[in-house]
1. Give the residues of region 114-127 that are assigned to a helix (DSSP H, G or I) and touching a residue at least 40 places away in the same chain (Cβ under 8 Å), sorted by residue number.
2. Would you check which residues across region 30-81 are charged (D, E, K, R), part of a helix (DSSP H, G or I) and at pLDDT 85 or above and list them?
3. Report whether or not Lys62 is farther than 27 Å from Ile112 by Cα and out of contact with any strand residue (DSSP E or B) (no Cβ under 6 Å at 6 or more places or on another chain).
4. Between Ile68, Ile79, Ile109, which is farther than 17 Å from Lys11 by Cα and either within 18 Å of the chain's Cα centre (by Cα) or surrounded by fewer than 16 Cβ atoms within 10 Å (Cβ to Cβ) (or both)?
5. If I filter region 90-99 for residues that are surrounded by fewer than 11 Cβ atoms within 10 Å (Cβ to Cβ) and in a helix (DSSP H, G or I), do I get at least one hit?
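The values are calculated or read from the model by the stated rules, or taken from the named source; none is laboratory data. A quick note: this is a predicted structure, and the numbers were derived from the prediction, not measured. Glycine also receives a Cβ, built like all others from the backbone with ideal geometry; neighbour counts cover every protein chain displayed.
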Amino acid sequence: MNAREYLGRIKHLNKEISTNKAMLELLEESLNTNNDADVLKEIKRLKQEIKNKLIYIFEIKKNIIKKIYNVNDSFLRTILLNHYINELTLKDIAKVTNFSYDYIKHLHIKSIIAFEESNKDELSNYK
């Protein structure tokens with residue numbers, strides 16, 4: 001797995017978090033409208049299962065962010081964090097930083113290389 005694929009996992013994790021949170025909300029509503037003891041027990045079990053899954057997902061996200069912080073250059077880290085964690089486009093990052101889009105594109109490539117170099121061992125374990 002290359003750095004872009006590895007970092008791209010964040011988008012999928014964010015979608016999974018949103019989906020699980022929406023399911024939790026539906027289960028909360030069901031708890032309020034259902035009186036059957038067996039159903040309530042199952043809803044509570046599902047809620048706990050989803051909460052455990054959310055904790056697991058947050059741990060994965062936290063580990064990816066830690067790996068971004070292995071990059072020594074703070075501006076390159078900022079690009080990685082904004083693009084992969086905050087899901088800003090490179091054009092948005094260019095606007096926010098007052099740099100040209102082409103320059104940010106160039107720095108994005110540099111940041112990917114820096115990420116790969118600072119996380120070689122970890123990336124080689126993911127396939």
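1. Of the residues in region 114-127, the ones assigned to a helix (DSSP H, G or I) are 114-118, 120-124.
Of everything in region 114-127, those that are assigned to a helix (DSSP H, G or I) and touching a residue at least 40 places away in the same chain (Cβ under 8 Å) turn out to be Ala114, Phe115, Glu116, Ser118, Glu122, Leu123.
2. Of all residues in region 30-81, those charged (D, E, K, R) come to 36, 38, 41-42, 44-45, 47, 49, 51, 53, 59, 61-62, 66-67, 73, 77.
Filter once more, keeping what is part of a helix (DSSP H, G or I): 38, 41-42, 44-45, 47, 49, 51, 53, 59, 61-62, 66-67, 77.
Hits for region 30-81 are Glu49, Lys51, Lys53, Glu59, Lys61, Lys62, Lys66, Lys67, Arg77.
3. Details: farther than 27 Å from Ile112 by Cα: no; out of contact with any strand residue (DSSP E or B) (no Cβ under 6 Å at 6 or more places or on another chain): yes.
Answer is no for this residue.
4. Numbers: Ile68 fails: farther than 17 Å from Lys11 by Cα; Ile79 fails: farther than 17 Å from Lys11 by Cα.
Exactly one of Ile68, Ile79, Ile109 is farther than 17 Å from Lys11 by Cα and either within 18 Å of the chain's Cα centre (by Cα) or surrounded by fewer than 16 Cβ atoms within 10 Å (Cβ to Cβ) (or both), namely Ile109.
5. Within region 90-99, the subset surrounded by fewer than 11 Cβ atoms within 10 Å (Cβ to Cβ) is 98.
Now drop any that are not in a helix (DSSP H, G or I), which leaves none.
No, region 90-99 contains no residue that is surrounded by fewer than 11 Cβ atoms within 10 Å (Cβ to Cβ) and in a helix (DSSP H, G or I).
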